[in-house]
Amino acid sequence: MKMNKEVLYLGLDVHAENIAVAIAEEGRDGEVRNYGMISSDLHSVEKLLRKLGHPGKELRVCYEAGPCGFVIARRLKKMEIDCAVVAPSLTPKGSGDKIKTDRRDARMLARLHRAGELTAVHIPDERDEAIRDLCRARTDAVHDLRSGRSQLKAFLLRNGYRYTEKTAWSYAHMRYLRELVLPHAAMRVVLEEYLQCIDAANERIERLEVHMKALLDEWHLAPVVKALMGFKGYKTVAAMITVSEIGDIHRFAHPRQLMAYLGLVPSESSSGGSRAQGAITKCGNGHLR
């Protein structure tokens with residue numbers, strides 16, 4: 001007769017340098033305790049899991065999504081250990097709890113994971129995440145371009161220079177800026193630096209778009225991108241960004257779930273017989289929204 005394995009729920013509060021670990025034993029009355037701090041490298045994580053009895057015990061691990069990504073979750077999946085990466089914005093928190101430490105956070109995650117109160121996020125395929133990072137790098141370059149343009153416009157406006165033609169940042173506008181004569185050497189230096197910043201951002205955008213188009217045919221979601229390009233207003237770059245952020249659309253059972261993922265559903269505050277809806281929640285994928 002096969003014996004059931006003892007189940008341990010692990011809450012990890014993951015940071016760049018270290019991880020706070022807490023353990024919740026199986027059952028409603030099972031003990032929830034802090035285990036300690038370990039290094040955030042994968043070797044230390046694997047050593048911890050072996051020490052806790054894997055594969056002799058069933059371990060169920062969770063940690064919050066954050067800047068450290070999905071490296072730990074992917075490694076645990078290869079080790080056949082259940083691991084959930086949970087959404088921080090959907091983690092239940094008491095309104096009266098004003099003390100926050102790494103150890104308390106880890107203990108809370110272990111307890112809530114045992115209770116089934118956490119909402120797991122989708123862990124993308126490594127190839128999909130690589131394409132998504134490429135698309136987001138292009139978005140970062142666009143933000144740098146907008147920032148450089150805004151700073152240059154503010155600098156010129158402070159000194160009484162304003163471009164009066166209709167089309168801003170056209171070839172004619174850029175020629176006007178490069179031929180602008182300023183009265184002080186320091187002002188000319190500032191103008192040249194801003195123009196170089198704008199040129200560099202434009203070049204980054206062009207390079208990244210070339211790489212995006214070159215890698216599209218090798219991507220397994222290329223047919224989805226090409227199908228999306230059939231809609232008005234969607235070209236290669238916009239379609240790749242959309243598909244890279246959504247991933248496998250079949251993971252959404254209903255369009256409402258997709259809209260909630262994008263934060264495009266209305267907020268609501270209803271009580272009793274009254275029902276009040278407000279602006280969209282903006283709780284979801286801000287890059288795609």
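The values are calculated or read from the model by the stated rules, or taken from the named source; none is laboratory data. Here the structure is a predicted model, which is why all the values come from computation and not from measurement. Every residue, glycine among them, receives a Cβ derived from its backbone with ideal geometry; neighbour counts consider all protein chains shown.
So Asp29 ticks every box in (1) of a type outside the set (Ser, Thr, Tyr); (2) over 30 Å from Arg132 (Cβ atoms); (3) part of a strand (DSSP E or B) but one. Which box is left unticked? It is condition (3) that Asp29 fails.
In the stretch 116-175, the qualifying residues are those that are surrounded by fewer than 16 Cβ atoms within 10 Å (Cβ to Cβ), of a type in the set (A, V, I, L, M, F, W, C) and assigned to a loop (DSSP other than H, G, I, E, B), and the one that is modelled with the lowest pLDDT is Ala168.
Taking the stretch 234-274 as the range and being outside any helix (DSSP H, G or I), within 30 Å of Leu208 (Cα to Cα) and of a type in the set (Ser, Thr, Tyr) as the test, only Tyr234 passes.
Just one of the numbered conditions (1) out of contact with any strand residue (DSSP E or B) (no Cβ under 6 Å at 6 or more places or on another chain); (2) surrounded by 15 or more Cβ atoms within 10 Å (Cβ to Cβ); (3) assigned to a helix (DSSP H, G or I) is not true of His113: (1). Looking only at the stretch 121-135, residues that are more than 12 Å from the chain's Cα centre (by Cα) and hydrophobic (A, V, I, L, M, F, W, C) come to 4 in all. Quick one: would you say Ala24 is surrounded by 16 or more Cβ atoms within 10 Å (Cβ to Cβ), more than 28 Å from the chain's Cα centre (by Cα) and in a strand (DSSP E or B)? Answer is yes for this residue. Per the listing Glu203, Glu209, Glu245, Glu268, the residue uniquely free of Cβ contacts under 8 Å to residues at least 12 places away in the same chain and under 26 Å from Leu145 (Cβ atoms) is Glu203.
For the stretch 1-21, a residue qualifies if it is under 27 Å from the mean Cα position of the chain (by Cα) and either aliphatic (A, V, I, L, M) or under 15 Å from Cys83 (Cβ atoms) (or both), and the qualifying residues are Tyr9, Leu10, Gly11, Leu12, Asp13, Val14, Ala16, Ile19, Ala20, Val21.
Per the conditions (1) out of contact with any Leu (no Cβ under 6 Å at 6 or more places or on another chain); (2) surrounded by 10 or more Cβ atoms within 10 Å (Cβ to Cβ); (3) closer than 27 Å to Ala65 by Cα, the sole criterion not satisfied by Met229 is (3). Restricting Ile38, Ile72, Ile19 to residues that are surrounded by 15 or more Cβ atoms within 10 Å (Cβ to Cβ), among the hydrophobic types (A, V, I, L, M, F, W, C), more than 21 Å from Val121 (Cβ to Cβ) and modelled with pLDDT of 90 or more narrows the list to Ile38.
Identify, please: which residue in the stretch 240-257 is of a type in the set (A, V, I, L, M) and crowded, with 17+ Cβ neighbours inside 10 Å and is, among those, farthest from the chain's Cα centre (by Cα)? Filtering the stretch 240-257 for residues that are of a type in the set (A, V, I, L, M) and crowded, with 17+ Cβ neighbours inside 10 Å, the one farthest from the chain's Cα centre (by Cα) comes out as Met240. Is it the case that Gly11 is of a type outside the set (Phe, Trp, Tyr) and assigned to a loop (DSSP other than H, G, I, E, B)? So Gly11 does not fit the description; no. Pairing residues of the stretch 215-239 that are aliphatic (A, V, I, L, M) with residues that are in a loop (DSSP other than H, G, I, E, B), at Cβ distances under 7 Å and at least 6 apart in sequence or on separate chains, gives Leu228/Tyr234; Met229/Lys235; Ala239/Met229.
If you go through the stretch 78-110 one residue at a time, how many are assigned to a helix (DSSP H, G or I) and in contact (Cβ under 8 Å) with a residue 12 or more places away in the chain? Of the residues in that region, 11 qualify.
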